[in-house]
Amino acid sequence: MQSGFEVVVLGSLEWSPLRRERKARPSFCHPAGKATCLLRAGVTMSTRLPMRPPGSVPAVLLGFRPAPALTGALCLRQNLGSSSPGKKQSKENTITINCVTFPHPDTMPEQQLLKPTEWSYCDYFWADKKDPQGNGTVAGFELLLQKQLKGKQMQKEMSEFIRERIKIEEEYAKNLAKLSQNSLAAQEEGSLGEAWAQVKKSLADEAEVHLKFSAKLHSEVEKPLMNFRENFKKDMKKCDHHIADLRKQLASRYAAVEKARKALTERQRDLEMKTQQLEIKLSNKTEEDIKKARRKSTQAGDDLMRCVDLYNQAQSKWFEEMVTTTLELERLEVERVEMIRQHLCQYTQLRHETDMFNQSTVEPVDQLLRKVDPAKDRELWVREHKTGNIRPVDMEI
């Protein structure tokens, strides 16, 4: 997490090595392979360079490069005197935010998404976002990691939910089995008594069905959800450290660029002052001092170009790792969602099976209930318990 937004627009620098012409040197590549050359002779030119290999970036992204870095930072031109305050500066092409260089909003070229129409992670998380809970910022990659960890937590909570469902099933089965042993209405007789006995037996059968259901829920739903990616948090931590280290390196390179830029400005100022002294002949040593100042100014320019090159290399490495890693996080998220979907489908399948088995436990009850015959029951009961079929008659005198 960064400590607040730091927005720096790198201005053009006037570097005046007093007509000392040198060969142009390319410093970095644009996304399309365009190199900006820094000219000691006092002009800025562009030339086409071949694309360099994409490194670890997936094949689907071949040809895509990071946003141009520090295009406007080094417009090095020969200047015999101090730059005129009224001279119109060229419009900046880049803007640096929290040590990451982006195209300037006013001159931003159109950028094609790396994976158009897919809303891919690798296209939408390059900038930092203001932290709603503080004054700092949250890196786009950090947001992706938070989503991954949240997904892991949601997966764990789903597993806990299924575990509670299992406990309910087990308790329900236990209570059904206990109720099936209850002696209430055990003395009911006849076909109705048989049906009633089957009702109680069906409770025991249903209890067995629910016990099997709870066991399958544990082995086929809860356990896989709980054990999926056991080391996920450790893996994400390693991933976080890797990208964070690259970002820190980028910040360090940017600090070096700023330091070199400041040093070049100071050397230019010193050279300019000595040039003015020569013009008014304030010192006999001024010409020798100018040569020395010119060498220092030239060295400062070399240092600045070297720092910019190292910065661009660091940003390119960060870019490639960001693309590769965000695509991997995207794949992991798809895999997680698909895994949970499959196991929830297994849950519903088990529920359907349980309903079918429960239905089978009441089918014998239905069959016996259809056979209940009050008249037959009465006959059976009378045969067993009759006391005589001779009816009383009137008394005779």
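Quick look at the numbers
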| read-out | value |
| --- | --- |
| Contour minus Cα-Cα distance for Lys201 and Gln359 (0.36 nm per residue) | 55.5 nm |
| Net lengthening on full extension, Glu164/Asp302 (0.36 nm per residue, minus Cα-Cα) | 42.9 nm |
| Loop trypsin sites (Lys or Arg not before Pro), the stretch 304-397 (other Cβ atoms within 10 Å of the site Cβ: 10 or fewer; DSSP) | Lys386 |
| Rg in Å to one decimal, and Dmax rounded to a whole Å, for the stretch 297-397 via C-alpha atoms | 44.4, 157 |
| Spatially proximal aspartates and glutamates relative to Lys130 (Cα-Cα < 15 Å; intrachain offsets below 8 disregarded) | Glu6, Glu142 |
| Probe 1.4 Å, protein heavy atoms only - accessible area per residue of the stretch 260-354 in square angstrom | 55 Å² |
| Candidate aspartates and glutamates for bridging to Lys274, where Cα separation is under 13 Å - those fewer than 8 sequence places away on the same chain excluded | Glu266, Glu287, Glu288, Asp289 |
| Span per principal axis, largest first, for the Cα atoms of the stretch 247-355 (Å) | 106, 15, 15 |
| With all protein chains modelled, accessible area of Phe319 [1.4 Å, Å²] | 20 Å² |
| Largest-first ordering by accessible area, 1.4 Å probe, given options Lys237, Lys274 | Lys237, Lys274 |
| Reachable aspartates and glutamates from Lys223, criterion Cα separation under 19 angstrom, eight or more residues apart if same chain | Glu157, Glu160, Glu164, Glu169, Glu170, Glu335, Glu338 |
| Accessible area (Å², 1.4 Å probe, nearest 10) - Asp289 | 50 Å² |
| Glu194/Lys174 FRET efficiency (R0 25 Å; Cβ-Cβ; nearest 0.05) | 0.40 |
| Order of exposure, largest accessible area first, which applies to His104, His218 with probe 1.4 Å | His218, His104 |
| For the stretch 140-279: rounded, prolate or oblate by the Cα gyration tensor [a/c cutoff 1.5] | prolate |
| From phi via Karplus (6.51, -1.76, 1.60), per-residue ³J(HN,Hα) for the stretch 247-259 in Hz, x at Gly/Pro | 5, 5, 4, 4, 5, 5, 5, 5, 4, 5, 4, 4, 5 |
| Cα extents of the stretch 167-244 along the three principal axes, largest first (Å) | 80, 16, 11 |
| Surface accessible to a 1.4 Å probe, Val209 within the full protein complex, Å² | 20 Å² |
| log10 of Debye I(q)/I(0), alpha-carbon scatterers only, for the stretch 111-223 at 0.17, 0.18 Å⁻¹ | -0.91, -0.95 |
| Across Lys115/Lys248; Lys248/Lys317; Lys259/Lys292, pairs whose alpha-carbon gap is larger than 18 Å | Lys115/Lys248; Lys259/Lys292 |
| Cα-projected label distance for Glu338 with Thr265, points at 7 Å along beta-carbon direction, nm | 5.4 nm |
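The values are calculated or read from the model by the stated rules, or taken from the named source; none is laboratory data. Treat the numbers as computed from the prediction; the structure is a model and nothing was measured. Virtual Cβ from ideal backbone geometry, glycine too; neighbours counted across all protein chains shown. The accessibility values were calculated without ligands, DNA or RNA, using every heavy atom of the protein model including side chains. Shrake-Rupley method; radii C 1.70, N 1.55, O 1.52, S 1.80 Å.
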